[in-house]
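Below is one structure; the comments refer to it alone.
The values are calculated or read from the model by the stated rules, or taken from the named source; none is laboratory data. Worth saying up front: this structure is predicted, and the values here are computed from it rather than measured. Heads up, the Cβs are rebuilt from the backbone with ideal geometry, glycines too, and the neighbour counts pull from every protein chain shown. Side chains are part of the model used for accessible areas, which takes the heavy atoms of the whole protein and leaves out ligands, DNA and RNA. Shrake-Rupley method; radii C 1.70, N 1.55, O 1.52, S 1.80 Å.
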Amino acid sequence: MRCCHRHAAESIPPSDPHPFSLPGATEHYAAERPVRAEHVRLELDLDFDRKRLSGVCTTRVSAVRPVSTVTFDAVDLDVSQVLVEGQSTRFSNSGAHVRVELPAPLSPGHACEVAIHYACHPRRGLYFWGPDAGYPDRPRQAWTQGQDIDARAWFPSLDTPAQKATSEVIATFPAEMTALSNGVLVSDRTDGTRRTQHFRMEQPHAPYLVTLAVGEFEEATDSAGTVPLRYLFPRGRREDALRCVGRTPEMVRVFQELTGEPFPWSGYAQVFLTEFILGGMENTTATSLTDSVLHDARAQPDYTAEPLVSHELAHQWFGDLVTCRDWPHGWLNEGFATWCEVLWKERADGQDEADQHRVVQLEGYLGEVRERYARPIVARRFHAPMDVFDRHLYEKGGLVLHELRRRLGDALFFRGLRHYVARHRHGSVETVDLARAIEESTGHNLDAFFDQYVFAPGHPELKVEVRYEAEDARLRIKVRQTQRTDGGTPVFRLPLDVSVTADGLDTLHRLEVTDAEHAFLLPCPTAPTQVRVDPRRDVLGTLDVDKAAGLWLEELRAAPESRARTEAAVALGKHGGMRAVEALGDALADARLFWGTRAACAKSLGRLRTPEARARLLAALTTEHPRVRRAVVAALGEFRRDADVTARLRALVEAGDTSYFVEAEAARSYGKVRAPDAVAVLEAATTRPSFQDVIAVGAMDGLAESQDPAAFPIAVARTAYGQPRLLRRAATHAVAKLAEVAGRKREAVDLLAELLRDPLFRVQMGVFEAGRALGDRRLIPALEGTPLEDPRARRAARETIRALREGEPQAREVAALREELDRLKEETRALRERLEGLTLGSGAPKPPRTRAAGRAKPTARKKPARGRTGSKR
């Protein structure tokens, strides 16, 4: 499963994180299994007009211990009859479970078939969609979504990941539609206006992976060797669909090589669904994808669906073939799939793109720690299993695997991975199973590693000080771990790579960090021109490097790793000075550099906000790469009330750009610069169609940034049912940001309370984000009193209530702090420019040769400190 996350914004100083477990949370452990499910047969009839599902679920169960009853998970199912081996039997239905009394006790190893006749108007698990007054063009579809524990909401089941069984789905629906389910299609017949398709899955899989999707689809086919591939998509969207999934055959080959396991199922299908409540879902053999990722040729240079497509495909091995035993260990599903996104980038698009994608994942995880909580990846205390489907489970889980790979090296890491898959195929696993498989195949005991990174919260927060001591011909590198350790976060043991360039020679040192503070002394006969700490930004944690500006300048100019150049660009944006502006401008203009580095240069120039920085950014507005151009336009948004910048942004908003995303960013920046006519210009842009409505969303964000009271009624109008879905969410947030300046907070509270009941999940989720921005406690009764079906919404409501009660900063207070920060930055920048001549000079040495050094040993070691170890923020 891939959730639709927002990536974290620029780093902010951390505060004490909230606890992950909210009041009322309980401990969760794997369910007992007195019986095992062997086979599930679903015979279903779908009534689209009544949004009703009816049918029979027949489950063959075998006893593990003597049993006289079998209890099925069944939420809001109207059960009319239960048969055991064809004979009617007594049962009870609590609304959450159906308890079946067996006619005779079942002995261990013996089996029986239990057939439950039922009907429901499902609120979860299976969703009916069709046109209505607000969205008259929406297609008619019905689709399922079983993860985490929603299989029970559309069929009676033993709804736990460890209950793997073979399955059949026999679905009847309107004749003009087609269906997709697990396994192979064994029969297809039409009787008048009704069509029945029968699918059979011959290999066992978990109940949350049982799927059914019904609608009017077009289809394309392909193959990956002997594996048949199917793509189902809305009519008229063939080319858009192939832009998303066209490289699936290559992905299959990469993941087969990675796992050492041929594609484990009979075939693989991907279907694009309307209003899907996730990014994607890895149902066995039949992945569901949101149709919002379908994109045209204009969007292609800026956007790719391949992280989503590769993520869901990887689950066919990690999650479907090898499945977590219970949800606290769900990172063994989601962390692996998230790591596979990076692996696919590496194999398909190169190391630079892989590093870029991985650092975005790191920023997402670190953002969750700053803004919400830090928790162990394996956590058992929560309200609903979906609570753990967060950036710890996904991004940190994937980063743990990357951390493990860099420590073991590729040969041992992939050997261990293949042994893990081979040993546990078609099985259920916990974290210890991964650790033991790697130990058996490599000889490495990883208990301490998993204790630190999986079973404890937090991550290393490294402060590194680099100083060259010419008189001793050595480089002193001081490393401190500054994370708080009073909440269970450990002092970590980790390798830290440092590449030193001196006399044109590049030497790689691996520093072994084991305590809270170290000082490493590296021999260095001549002054280094580069000292690249963690040059590809591999470390799972934060990294703050203090070194001379001249080193950053040279690394931006000549570092062999694009990631190291990008880190230098970020650092120079904080350092400032004329030489920094010149170096950043030169790198921004250099089309030979990786786009991510150039985009970082643009952002740093925007942060510096000097006349020279502005000139460099304006000159780069015509750069060819759309992602760089987008970064340039975003950076220009930092030049508030600048006449030249305003004129250029207005021209771009009105004339448009070949890139949807550049055009959207121009609209956003036009509001940020507080242009006097921003409301009129941006209101027109909110009606402009684009992929995922990015232009309209950018314009709405710009209206919010304008802080013009006249923008408030525009934002309110765009929240209405029938407006584009993503625009509605952006407008909801804009209402919250504009309410204070418009003097209409009461109206904003009432609107957010109304939107809590919106039928579209993503609009509901936007209310919680908006509620925290609004900061008005009068929203709390609506948050407490509105019934919310989705556990993600319930969790978000609880967190929003907590934030409002604790009194998060109001928008005006944040704005005042930003203004004061801007003033201090200007004063600091002036001081830096006066001290420019005192920084280490930047030469222009030849490209360095590379050699590897042995593992460096610390010359000084201190005992781990308790609490915060001297952190400066």
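Observations on the structure shown:
- Kirkwood hydrodynamic radius computed over segment 528-675 comes to 15.4 Å, based on all pairs of distinct alpha carbons.
- Potential extension, residue 448-residue 741 segment - 0.36 nm per residue separation minus Cα distance: 100.2 nm
- Between residue 138 and residue 175, the FRET efficiency estimated from the beta carbon spacing at R0 = 30 angstrom works out to 0.90.
- Of interest is the spacing of the C-alpha centroids, which for segment 768-784 and segment 493-529 amounts to 50 Å.
- Computed from Cα positions, the angle between helix 643-655 and the longest principal axis of the chain comes to roughly 30 degrees.
- When the Cα positions of 106, 136, 96 are compared along the charge dipole of segment 96-149, 136 comes out farthest toward the positive end, with charges on each C-beta of Lys, Arg, Asp and Glu.
- On Cα atoms only, tilt of 562-575 relative to the major axis of the chain in degrees: 60 degrees
- Net length gained if the chain between residue 360 and residue 372 were fully extended (0.36 nm per residue, minus Cα distance): 2.5 nm
- Signed unit charges on C-beta, dipole axis of the chain, positive-most listed residue 479, 229, 452: 479
- Cα pair distances exceeding 20 angstrom across segment 288-363, given as percent: 40 percent
- Per residue, the chain exposes 39 Å² of solvent-accessible protein surface, assessed with a 1.4 angstrom probe and all protein chains in place.
- Spherically averaged projected area in nm², based on the convex hull that wraps the Cα atoms of segment 608-761: 9.0 nm²
- Computed from the Cβ-Cβ distance with R0 of 51 Å, the FRET efficiency linking residue 684 to residue 38 stands at 0.25.
- Bins of 20 Å, starting at 0 and running to the largest distance - Cα pair percent for the chain: 14, 45, 34, 8, 0
- Pair residue 802, residue 478: separation of 7 Å Cα→Cβ label points (nm): 3.7 nm
- Fraction of alpha-carbon pairs over 18 Å apart in segment 683-808 - percent: 48 percent
- Multiplying the residue separation of residue 193 and residue 677 by 0.36 nm and subtracting their alpha-carbon distance yields 168.6 nm.
- Two-site label geometry, residue 239 and residue 297: point separation in nm, points 7 Å out along Cα→Cβ: 0.5 nm
- For residue 446, the shell of other residues with beta-carbons less than 15 Å away shows a net charge of -1, using +1 for Lys and Arg and -1 for Asp and Glu.
- Per-selection Kirkwood Rh - segment 34-88 (Cα, Å, 1 d.p.): 13.2 Å
- Principal-axis tilt of helix 725-742 within the chain, Cα atoms, nearest 10 degrees: 50 degrees
- Fraction of accessible area attributable to carbon and sulfur, the chain (%, probe 1.4 Å): 50 percent
- Once the C-beta distance of residue 216 and residue 89 is scaled by a Förster radius of 51 Å, the resulting FRET efficiency is 0.80 to the nearest 0.05.
- Tail weight of P(r) past 22 Å, computed on alpha-carbon pairs of segment 591-699, percent: 25 percent
- At 0.890 mPa s and 25 °C, Stokes D of segment 8-118 from Kirkwood alpha-carbon radius, µm² per second: 145 µm²/s
- The orientation-averaged projection of the convex hull spanning the C-alpha atoms of segment 89-193 amounts to 10.1 square nanometres.
- Distance between the C-alpha centres of segment 704-764 and segment 139-203: 38 Å, rounded to the whole angstrom.
- Computed P(r) (all Cα pairs; segment 240-368; 10 Å bins; percent): 12, 42, 38, 7, 0
- Overall, the chain carries a charge dipole of about 1880 debye about its Cα centre when +1 sits on the Cβ of Lys and Arg and -1 on the Cβ of Asp and Glu, all other atoms neutral.
- Dimensions of segment 123-245 along the principal axes, based on C-alpha atoms and rounded to the nearest Å, stand at 42, 40, 33, largest first.
- From its DSSP helices (H runs of at least four residues, each -39,500 (n - 2.57)), the chain gives a residue-normalised ellipticity at 222 nm of -12000 deg cm²/dmol.
- For the pair segment 23-59 and segment 209-223, the centres of their Cα atoms are 22 angstrom apart.
- Residue pairs, from the table 164/396; 574/737; 478/547, whose Cα atoms sit over 18 Å apart: 164/396; 574/737
- In range of the label at residue 407: residues from segment 477-496 whose backbone nitrogen is under 11 Å from the point 7 Å along Cα→Cβ: 492-495
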